[in-house]
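Engineer: Have a look at this one before I ask anything.
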Amino acid sequence: MRRKIVVGNWKMFKTPSEALRDFNEFVEISGALWDRVDLGIAAPAVSLPGMAALRTNGVAVHSQNSHWEKEGAFTGELSVGMLKDLNVRGSVIGHSERRQYFAETNATAGKRVGALLRAGLESIFCIGETLAERERGDLKKVLRAQLVEGFEAAGLHNASDVIGADANRPLLSIAYEPVWAIGTGKAATPVEAQEAHAFVREVLGEIFGADCASRLRILYGGSVNPANATSFMSCPDVDGALVGGASLKPVAFVELCQKAQ
Ligand code: PGA
């Protein structure tokens, strides 16, 4: 039985003081929910030091990017060592906004995921098709390519590489986020999400073996809100959610997270 995981993606919202205030509020009102559901917030880089310093081990702090090299002349990037030093748990990688506006590819995203996992940090690897790709009937082709090319570039081939030390909390998670559902208020239907998730798990099984695939968490992302969260969480292959807009207000986000219990 996979433990559910809900992560808020704060994108480029909130100043560091606002982020710290809202993170504190979220931690306080979510109480002991982290005992039943893995919770996290992926925050802008400048907000990470303040949030991670609270050492709220129940609610993880994630970055929204992380480079594959240990260090070097890579202006604007963050290293895994920097994140570890701050007590950041992991990173959301390959988000469609990174792919669309900042030239992220399956290969660069994969390299980022590989470096994180090798350092024992978690990674939520985002994949998903555009509306044009879905309408062309290319959903499976696109998802398969994102996974296969990503893990090839990551140099990740074995179950042990992606699970890590705690089989109940694998280092790798996948977020299936149809691009047309992100920030549009037009979520996929639970049936569409389940179909895509089952296929993602099938491909993960081909790469890492069926046992490993049955342990990896696959999050749905794209217009999840407190009203529709339960319908996703009850799909057999949906193991949680990556939430943008509905994660920005602590009270509403806690309400959403409670649906994952
Ligand atoms: P949304 O964003 O919940 O605002 O659709 C999801 C995401 O981008 O991860």
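Engineer: How much accessible area per residue does the chain have, counting only protein heavy atoms and a probe of 1.4 Å, in square angstrom?
Structural biologist: 43 Å²
Engineer: Taking only C-alpha pairs under 8 Å that are 6+ residues apart, what is the relative contact order of the chain in percent?
Structural biologist: Taking the mean separation of contacting Cα pairs over the length of the chain, I get 21 percent.
Engineer: Using a Förster distance of 35 Å, how high is the FRET efficiency between A145 and E71, based on the Cβ-Cβ distance and rounded to 0.05?
Structural biologist: 0.70
Engineer: Further question: I want to verify a result. In a Gaussian network model of the chain, Cα cutoff 10 Å, which of these has the top mean-square fluctuation: H67, H157, H95?
Structural biologist: Maximum among the listed residues: H157.
Engineer: Here's something else I'd like to know. Could you give me the ³J(HN,Hα) list for segment 166-183, computed from phi with Karplus coefficients 6.51, -1.76, 1.60 and θ = phi - 60°, whole Hz, x at Gly and Pro?
Structural biologist: 3J(HN,Hα) across segment 166-183, in whole Hz: 10, 5, 7, 9, x, 5, 9, 10, 10, 10, 8, 10, x, 4, 6, 9, 7, x.
Engineer: Follow-up. At a Förster radius of 22 Å, what calculated FRET efficiency corresponds to the Cβ-Cβ distance of E25 and T184, to the nearest 0.05?
Structural biologist: 0.20
Engineer: With each run of n ≥ 4 DSSP H residues scored as -39500 (n - 2.57), what mean residue ellipticity at 222 nm is computed for the chain after dividing by its residue count and rounding to the nearest 500 deg cm²/dmol?
Structural biologist: -12000 deg cm²/dmol
Engineer: So which DSSP H runs in the chain come out at 20 Å plus along the axis (Cα) with average Kyte-Doolittle of at least -0.5?
Structural biologist: Taking the DSSP H segments of the chain (at least 20 Å long, mean hydropathy at least -0.5), we get 16-30, 139-154, 190-208.
Engineer: Next up: What is the distance, in nm, between label points placed 7 Å from the Cα along the Cα-to-Cβ direction at L54 and at E18?
Structural biologist: Spacing of the two 7 Å Cα→Cβ label points: 1.6 nm.
Engineer: Here's something else I'd like to know. Report ³J(HN,Hα) in whole Hz for each residue of segment 43-54, in order, from the Karplus equation J = 6.51 cos²θ - 1.76 cosθ + 1.60 where θ = phi - 60°; Gly and Pro get x.
Structural biologist: With coefficients 6.51, -1.76 and 1.60, one gets 10, x, 3, 5, 8, 4, x, x, 5, 5, 5, 5 Hz.
Engineer: While we're looking at this one, here's another question. Note down the nm distance, to one decimal, between modelled labels 7 Å out along Cα→Cβ at N168 and at K84.
Structural biologist: Each label point lies 7 Å from its Cα, and together they span 2.5 nm.
Engineer: Quick one: Cα centre-to-centre distance for segment 77-120 and segment 224-247, in angstrom?
Structural biologist: So the two Cα centres are separated by 23 Å.
Engineer: Then there is this: For the chain, with all protein chains present and a 1.4 Å probe, just round the carbon and sulfur fraction of the accessible area to a whole percent.
Structural biologist: Using a 1.4 Å probe with all protein chains present, the chain comes out at 55 percent carbon and sulfur.
Engineer: By how many nm would the segment from S160 to D138 lengthen if fully extended, with 0.36 nm per residue of separation less the alpha-carbon distance?
Structural biologist: 4.8 nm
Engineer: Give the shape of segment 52-112 as rounded, prolate or oblate, defined through the alpha-carbon gyration tensor: a ≥ b ≥ c are the square roots of its eigenvalues, a/c under 1.5 means rounded, and otherwise the shape is prolate if a/b is larger than b/c and oblate if not.
Structural biologist: oblate
The values are calculated or read from the model by the stated rules, or taken from the named source; none is laboratory data. None of these values were measured; they are calculated from a predicted model. Don't worry about glycine lacking a Cβ; one is built from the backbone with ideal geometry, like all the others, and counts go over all protein chains shown. All accessible areas refer to the heavy atoms of the entire protein, side chains included, with ligands and DNA or RNA removed. Shrake-Rupley method; radii C 1.70, N 1.55, O 1.52, S 1.80 Å.
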